[in-house]
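These notes are about the structure you will find just below.
Please treat every number below as a calculation from the coordinates, not as lab data. What you see is a predicted model; the values in this text were computed from it and never measured. Cβ atoms come from the backbone with ideal geometry, glycine included; neighbour counts cover every protein chain shown.
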Amino acid sequence: MKKWMKTTAVLCAAAVTAAMAFTSFGSGERQTADSAKQAQTPVFEGTIVSVEDERLTMLRRFAEGGTEEVVVMLGEETKLLDAVNGYPMELTALKKGDPIRAYVGGAMTLSLPPIVNGKVILAGVPADAAFPSYTTVTSCIEAGENLYRLTTAEGDVYTIDTSTTLLPYLTRNMVYATDLTEGREILLWNDEEHAEKVVLFPEAEDETNQSDRTGWERTDGEWRYYEQGEIKTGWLLYEGDWYYLNPETGIMQTGFLTLEGKTYYLTENGKMLTKQRTFTPDENGVLH
């Protein structure tokens, strides 16, 4: 996303005192239905009113009733995520009236409407589904064979077991419950006290030490594989499966591939097909 828009209203935020900031987000302020407990990161929930290049306006909903328009500024560090799979979303995918959950930071201006900086924006949730929670790990303690107790910064406790899906953010590298260390930021889907899926965001050192990164990373919707900071190209043998990475861009290829007179098929997840499969043409002659 682009750099912060320097509007007059945002500049006014510098004049807001720390006491006002706590008044804006503290326990005395009206809160959304899902934020009865004061979270480490304040959270607003409601629907989208409008979307512009560097900000969105939402109709914030309060637990005890009533609404308020709030402008959420979007900066380079703001994560706009799909609330179903945790992948990044494009701003153009947001529409007026869509449900949204915004995790925000910093002081909220005293302007009308008030303005706040967005940290994580969750959207794209189906009408009958609940938003996941963006939170920070306090502890994750082994409680039995393949069983862990995860405690978040809000004091909530969730069970992690073999049915819990653990995923890294924008990579295909394997992650485990033991990676849920104190201070790790996560996106968590739960069914009451059971964690159904957890997406782990990179640790601070993972983001800065680029020369050592090895593994899959997803950027702009495309998968690439890094080895010691370098993008791999050509054929890649990974965990027993062959993948083909574009020799110029390193982008993982899918579909039919012809090289040196030989034709291969790469499945939707990039793995080279090694078993028999029947392809049927549609009315346009496209094979499926």
Leading residue at positive end of dipole, the stretch 84-213 (Cβ point charges), from Thr135, Thr164, Ala102: Ala102
Cβ-Cβ FRET estimate between Lys95 and Ala63, R0 fixed at 22 Å, reported to 0.05: 0.30
Under the Karplus curve 6.51 cos²θ - 1.76 cosθ + 1.60, θ = phi - 60°, whole-Hz ³J(HN,Hα) for the stretch 141-146, x wherever Gly or Pro sits: 10, 5, 10, x, 5, 6
Contour excess over end-to-end distance, with Cα ends at Asp53 and Glu182 and 0.36 nm allotted per residue: 42.9 nm
Loop-located trypsin sites (Lys or Arg not before Pro) in the stretch 92-169, at most 15 other Cβ atoms within 10 Å (DSSP): Lys95, Lys96
Rounded Å value of the spacing that divides the Cα centres of the stretch 56-84 and the stretch 127-205: 23 Å
Gyration tensor (alpha-carbon) shape descriptor, the stretch 162-288, a/c threshold 1.5: oblate
The stretch 249-288: chymotrypsin sites (Phe, Trp or Tyr not before Pro) falling in loop per DSSP and having at most 16 other Cβ within 10 Å: Phe279
